[in-house]
Amino acid sequence: MKRILERLLTSCAALFVGLALAGCAEQGVTYAMSGPPQVRTDIFPGNYPSYAWGTGQSKENFENVEVAQTAFGLSKTQRAWGLIAPTNAPSATLIDLGQYLPFSVRWKLKDGREFILENIDTAAVMREYFKTNTIRLPWQEEGRPRDPKGTDPVPLLAHEVKNDSVVIKWIVRKNNTPLEQRFLANGAATRWDISRTELMVATIPGAPATGIDFNTRMEFFDNQGARK
């Protein structure tokens, strides 16, 4: 009984930590692990304070891809790989992010070639992009604040694999349904008309690789960055 109780407490503790980390990701990176709130220096579309993150793999660019995986976050000692799959529309896996985070991508083409890009410096890519580009969000174009009910989609930063490269792009989504028609009298949401515009940011060639173990979804590193 004592051993069962110990296992139960261990499982509960692990679940609590996992939920806490997930909550941090959902809330966005606005606080360091300790110390005062960080000052935001990254520039987002429309100077909005946050953005969403996800993949936007088109079916046509995935036709010659056998497998593709992506990993995202600040951790230098572990990396969790998630699948990249073709989709009809880009979707967010993280929301309300307040800082650009590095990410990695690895993939294999159907002709057998393998590629990897590790720790892409998203912040540096965006600094370069916004030197010559400006993005206004749909509600800004309409001369109004964002709907406080959250019906105006925030900018989505997405990426996809295309042949031997990774494409980074902003997805600006617009709710074309008039504000006064987005909810019924009883508070239920109506069917919204959402359109999107894709803005290419950068195309980064992958580094050729061999022998990537795509079945290993968790990787661990020591403090010097060597794989364990």
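Below is a table of values for the structure above.
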item: Matching residues, the stretch 45-58, being over 16 Å from the mean Cα position of the chain (by Cα), surrounded by 17 or more Cβ atoms within 10 Å (Cβ to Cβ) and among the aromatic types (F, W, Y); result: none
item: Any pair with Cβ under 6 angstrom, 6 or more apart, that starts in the stretch 132-143 at a residue that is on the phi < 0 side of the Ramachandran plot and ends at one that is assigned to a loop (DSSP other than H, G, I, E, B) and open to solvent by 50 Å² or more (accessible area, probe 1.4 Å); result: W139/R146
item: Identity of the residue in the stretch 92-113, under 16 Å from S165 (Cβ atoms) and buried (at least 16 other Cβ atoms within 10 Å of the Cβ), that ends up farthest from the chain's Cα centre (by Cα); result: R113
item: Scan of the stretch 64-103 for residues that are outside any loop (DSSP other than H, G, I, E, B) and either in contact with a Ser or Thr (Cβ under 7 Å, 6 or more places away or on another chain) or closer than 18 Å to E198 by Cβ (or both), ordered by number; result: T70, A71, R79, G82, S91, A92, T93, D96, L97, F103
item: Filtered residue count, the stretch 67-99, keeping only those that are hydrophobic (A, V, I, L, M, F, W, C) and closer than 21 Å to T41 by Cβ; result: 5
item: Residue in the stretch 173-192 that is closer than 19 Å to D96 by Cβ and either touching a helix residue (DSSP H, G or I) at 6+ places or on another chain (Cβ under 6 Å) or touching a residue at least 40 places away in the same chain (Cβ under 8 Å) (or both) present; result: no
item: Count of residues meeting criterion [under 22 Å from F183 (Cβ atoms) and outside any loop (DSSP other than H, G, I, E, B)] in the stretch 110-139; result: 2
item: Residues located in the stretch 184-210, provided they are assigned to a loop (DSSP other than H, G, I, E, B) and open to solvent by less than 70 Å² (accessible area, probe 1.4 Å); result: G187, A188, T190, G206
item: Those residues of the stretch 59-81 which are at pLDDT 95 or above, open to solvent by less than 40 Å² (accessible area, probe 1.4 Å) and either touching a Pro at 6+ places or on another chain (Cβ under 8 Å) or over 15 Å from I120 (Cβ atoms) (or both), in sequence order; result: N61, F62, V65, V67
item: Flag for N215 being touching a residue at least 40 places away in the same chain (Cβ under 8 Å), among the polar types (S, T, N, Q) and open to solvent by 40 Å² or more (accessible area, probe 1.4 Å); result: no
item: Of the criteria (1) open to solvent by less than 80 Å² (accessible area, probe 1.4 Å); (2) of a type outside the set (A, V, I, L, M, F, W, C); (3) modelled with pLDDT of 95 or more, which one T132 fails; result: (1)
item: Restricting the stretch 114-137 to residues that are of a type outside the set (S, T, N, Q) and over 21 Å from the mean Cα position of the chain (by Cα), the residue that is farthest from R79 (Cα to Cα); result: K131
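The values are calculated or read from the model by the stated rules, or taken from the named source; none is laboratory data. Just so it is clear, the structure is predicted and the values come from calculations on it, not from any experiment. In this analysis, Cβ positions are derived from the backbone assuming ideal geometry, glycine residues included, and neighbour counts consider all displayed protein chains. Only protein heavy atoms, including side chains, enter the accessible area calculation; ligands, DNA and RNA are left aside. Shrake-Rupley method; radii C 1.70, N 1.55, O 1.52, S 1.80 Å.
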